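Notes follow the structure.
The values are calculated or read from the model by the stated rules, or taken from the named source; none is laboratory data. The shown structure was predicted, so the numbers you read here are calculated from the model rather than taken from an experiment. Counting neighbours? That spans all protein chains shown, and the Cβs are built from the backbone with ideal geometry, glycine included.
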Amino acid sequence: MTRKTNHTACIHEGQIQDQQFGGAISPIYLATSYPFMDVEEKRYPRYFNTPNQQVIAKKLAALENAEAALPFSSGMAAISTSLFAFLESGDHVVFQNEIYGGSHHLVQEEFSKYGIAYSFTKGMEISDFESEIRENTKVIYMETPSNPLLNITDVRGVAKLAKEKGLISMIDNTFASPINQTPLDLGVNLVIHSATKYLGGHSDISAGAVAGNKELVDRVMYKGRNFGGNLSDFMCFLLERSMKTLALRIEKHNENAQFIAEKLTEIALVKKVYYPGLKSHNKHELAREQMYGFGGMLSFDLADDIDAKSFQHKLKMIKSSMSLAGIESTIIQPSLTSHALLSYEERMKLGISDNLLRLSVGLENKEDILDDLIQAFEK
């Protein structure tokens, strides 16, 4: 897909005009107490309607082509609140088999306590989703590109299936960001982000976000008021600052990751590279159809005789880090981090070996990133 990236919306959408001093950025409103009498809207941080919270909501809604959006205190707060807004005891939900480890853990640890049934697809084709639908299914949940193998789901196809069956479709759009993918345009009902990642982009913010049509987002908001996962106004201020450069950052992430992915395929000590921008990726054409860019995330399998921990210790610039999507390049071993809570058998079914490394390609000079990888291989 091609898209005219909206740098202008990143910078200006939702911004609060400083009427008192004419400052160039939104003022921070740290109040937790607002008027109650004779006001149309009663503001309160937990109600998701403080001035700085509304800045993020308007900016993300513009970027995702949504009617409404909400900022949350973390990606997991956004995910859990969205799911519980549409699921109750006796309901069933279909999950894509390859999703973020935290989401997987939430489902396995919590859903049975609330009487919510669930199933994971056996693959990522539309037929895999359809075969898991039951009479009491209410939600279909997907993630693409997926974490950590960068698999691609047919967003339009799954969204169409959900609509035909009268189900709510949700997608974790964290890896793509709204610059590289706008799932609502493909028919999805709700888009979810860990804003800690690309929306924040500087490894200094914990946040989440949800976007969709107003009716559905309102349901998430009302559930969120009970769960209390709102984002503070100061963190909203920092997130707004970060989102102003989102389009610019994503373009560079895309460029660097494509370069590194192609170079890694030429290294003999790398068994396989997972990146949708590679023509060798089994869903490359589908990614081209539904994405505007291929993102800054990639994974690769080291040769069997290389110790993954030792390899990471030999890197000089690329940091070993639990998170991703910052301006700096980071690397992790999913078997020990994001998917450590899964059993060995569960991980192997998903293709997550102990020698799989996930690389978040940063904004450094791409040759410097490559040089660091090469010197580690040489050692």
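Here are the numbers for the structure shown:
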| item | result |
| --- | --- |
| Selection within the range 314-349 - under 21 Å from residue 372 (Cβ atoms), out of contact with any strand residue (DSSP E or B) (no Cβ under 8 Å at 6 or more places or on another chain) and either without any contact (Cβ under 8 Å) to a residue 12 or more places away in the chain or not basic (Lys, Arg) (or both) | 317, 327, 336, 337 |
| Evaluation of residue 68 against (1) modelled with pLDDT under 95; (2) under 18 Å from residue 195 (Cα atoms) (one fails), failing number | (1) |
| Matching residues in the range 324-357 - criterion: being of a type in the set (Ser, Thr, Tyr), over 13 Å from residue 148 (Cβ atoms) and part of a loop (DSSP other than H, G, I, E, B) | 329, 343 |
| Filtered residues of the range 280-305 (kept if buried (at least 16 other Cβ atoms within 10 Å of the Cβ) and part of a loop (DSSP other than H, G, I, E, B)) | 281, 283, 291, 292, 293, 294, 295, 296 |
| Residues within the range 25-49 that are hydroxyl-bearing (Ser, Thr, Tyr) and free of Cβ contacts under 8 Å to residues at least 60 places away in the same chain, tallied | 4 |
| Residue within the range 173-188 that is surrounded by fewer than 24 Cβ atoms within 10 Å (Cβ to Cβ) and under 26 Å from residue 335 (Cβ atoms) present | no |
| Strands (runs of 3 or more DSSP E) completely within the range 50-152 that count 2 or more residues being surrounded by fewer than 24 Cβ atoms within 10 Å (Cβ to Cβ), touching a residue at least 24 places away in the same chain (Cβ under 8 Å) and of a type outside the set (Asp, Glu) | 92-95, 117-120, 137-143 |
| Qualifying residues in the range 259-279 (those that are within 13 Å of residue 295 (Cα to Cα) and either in contact with a helix residue (DSSP H, G or I) (Cβ under 9 Å, 6 or more places away or on another chain) or not aliphatic (A, V, I, L, M) (or both)) - the one surrounded by the fewest Cβ atoms within 10 Å (Cβ to Cβ) | 259 |
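Results for (1) touching a residue at least 60 places away in the same chain (Cβ under 8 Å); (2) out of contact with any Ser or Thr (no Cβ under 8 Å at 6 or more places or on another chain); (3) small (Gly, Ala, Ser), shown as yes or no for each residue.
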{"position": "177", "(1), (2), (3)": "yes, yes, yes"}
{"position": "196", "(1), (2), (3)": "yes, no, no"}
{"position": "213", "(1), (2), (3)": "yes, yes, no"}
{"position": "218", "(1), (2), (3)": "yes, yes, no"}
{"position": "231", "(1), (2), (3)": "yes, no, no"}
{"position": "254", "(1), (2), (3)": "yes, yes, no"}
